[in-house]
Amino acid sequence: MATSLDKIRPRHPEKVNNPDSPSPRKPDWIRVKAPNSEEYFRTKGLMRELSLNTVCEEAACPNIGECWSQRHATMMILGSVCTRACAFCNVATGKPNRLDPHEPEHVAEAVSKLGLRHIVITSVDRDDLDDGGAAHFAEVINKIREVAPDTTIEILTPDFLRKDGALEVVVDARPDVFNHNLETVPRLYPSVRPGAKYFHSLNLLRQVKEVDPTIFTKSGLMVGLGENLEEVVQVMDDMRSADIDFLTIGQYLQPTPKHHPIDRFITPNEFEDLKSHAIAKGFLLVSATPLTRSSYHADEDFKKLAEERLKRVSKASS
């Protein structure tokens, strides 16, 4: 008899990795409407006015129309050029420009003008900087606190590989959520994320909890890169061993034919099964859908995180 594990095991007929079709046709459940609302263009105009980068644009996020129409944007600091060359990412790779000293003020101004209750701040990798950009992250957090003290702040950081003390600088600025994506299973790191180390990324999140247990930790996975179910379940276990609170799982979409190919499209029912497995592992919150991305619905999800923690604390004390 088939088990729930068998249901989401990759099956060869569903594979789409074909050298003659490097950019396979998206299934119906992965398609989104082109952005055209007035709020979308207002948000875009504000980003241009303040010379801000967003991961929404740089990473070609499929949810940009929905999010920007709701005045939600994920700011990308430390420039728009990354020192890494991850095979899944659409952000430009090369020699970065100098840091913009006014960027923290501009990000804070955007948060204020958009009236955000929750903001997500991410960045490119900056291996060229002594601290990997940690002090800049902290300054952005502090500037937002000055102009919008009631806004909750979520950061999505690089791995700060070989940057001793960088993590502590960011944690000391006390973001509400510290996110760092593991992205994929360990076996695929050499081809998908060659500049990173799986266990370093995992330990980064573990260390956040050790330094400040009150900060929510979060991490994400892409599926459809060639991983199998057992590997995904093992990553879930690894995350829980690091006391990660929130797991996101979304479909990998190949930005261009030069990027890592899609192995297969995961169906919505399979995502539901993955979510069930993750919830059983004990995460405070799990988001697993084809269009799930790290910052998708981050505002609403932060409320759910806080509520779930309060429920568990109340239950433990009763």
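Bear in mind that the values in this text are calculations on the coordinates, not laboratory data. Nothing here was measured: the structure is a model prediction, and the numbers come from that model. Every residue, glycine as well, gets a Cβ built from its backbone with ideal geometry; the counts of neighbours run over all protein chains shown.
Those strands (runs of 3 or more DSSP E) of the range 207-318 in which 1 or more residues are in contact (Cβ under 8 Å) with a residue 24 or more places away in the chain and under 21 Å from S191 (Cα atoms) occupy 216-223, 246-251. Among the conditions (1) touching a helix residue (DSSP H, G or I) at 6+ places or on another chain (Cβ under 9 Å); (2) within 25 Å of V313 (Cα to Cα); (3) surrounded by fewer than 22 Cβ atoms within 10 Å (Cβ to Cβ), the only one that M239 does not satisfy is (3).
Output yes when any residue across the range 148-155 is buried (at least 23 other Cβ atoms within 10 Å of the Cβ) and touching a residue at least 40 places away in the same chain (Cβ under 8 Å), and no when none is. The answer is yes; a qualifying residue exists. If only residues of the range 233-264 that are among the β-branched types (V, I, T) and in contact with a strand residue (DSSP E or B) (Cβ under 7 Å, 6 or more places away or on another chain) are counted, the one that is farthest from K26 (Cα to Cα) is I244. Among the residues of the range 77-129, the ones that are surrounded by fewer than 21 Cβ atoms within 10 Å (Cβ to Cβ), out of contact with any Cys (no Cβ under 7 Å at 6 or more places or on another chain) and β-branched (V, I, T) come to 2 in all.
Test L167 against the criterion of being buried (at least 16 other Cβ atoms within 10 Å of the Cβ), under 15 Å from the mean Cα position of the chain (by Cα) and among the aliphatic types (A, V, I, L, M), and give yes or no. It is false that L167 is buried (at least 16 other Cβ atoms within 10 Å of the Cβ), under 15 Å from the mean Cα position of the chain (by Cα) and among the aliphatic types (A, V, I, L, M).
Looking at F302, F283, just one residue is closer than 30 Å to R117 by Cα and in contact with a His (Cβ under 8 Å, 6 or more places away or on another chain), and that residue is F302. Looking across the range 108-123, the residues that are free of Cβ contacts under 8 Å to residues at least 60 places away in the same chain and closer than 16 Å to A134 by Cβ come down to I121, S123. Could we say that V177 is surrounded by fewer than 21 Cβ atoms within 10 Å (Cβ to Cβ), touching a helix residue (DSSP H, G or I) at 6+ places or on another chain (Cβ under 7 Å) and either closer than 22 Å to I262 by Cα or of a type in the set (V, I, T) (or both) here? Considered against the rule, which asks whether it is surrounded by fewer than 21 Cβ atoms within 10 Å (Cβ to Cβ), touching a helix residue (DSSP H, G or I) at 6+ places or on another chain (Cβ under 7 Å) and either closer than 22 Å to I262 by Cα or of a type in the set (V, I, T) (or both), V177 comes out as no.
Could you tell me whether A138 is in contact (Cβ under 8 Å) with a residue 12 or more places away in the chain and crowded, with 21+ Cβ neighbours inside 10 Å? Taking the combined requirement at face value, the residue satisfies it. Among the residues of the range 236-283, those that are among the aliphatic types (A, V, I, L, M) and out of contact with any Pro (no Cβ under 8 Å at 6 or more places or on another chain) comprise M236, M239, A242, I244, L247, I249, L274, A278, I279, A280.
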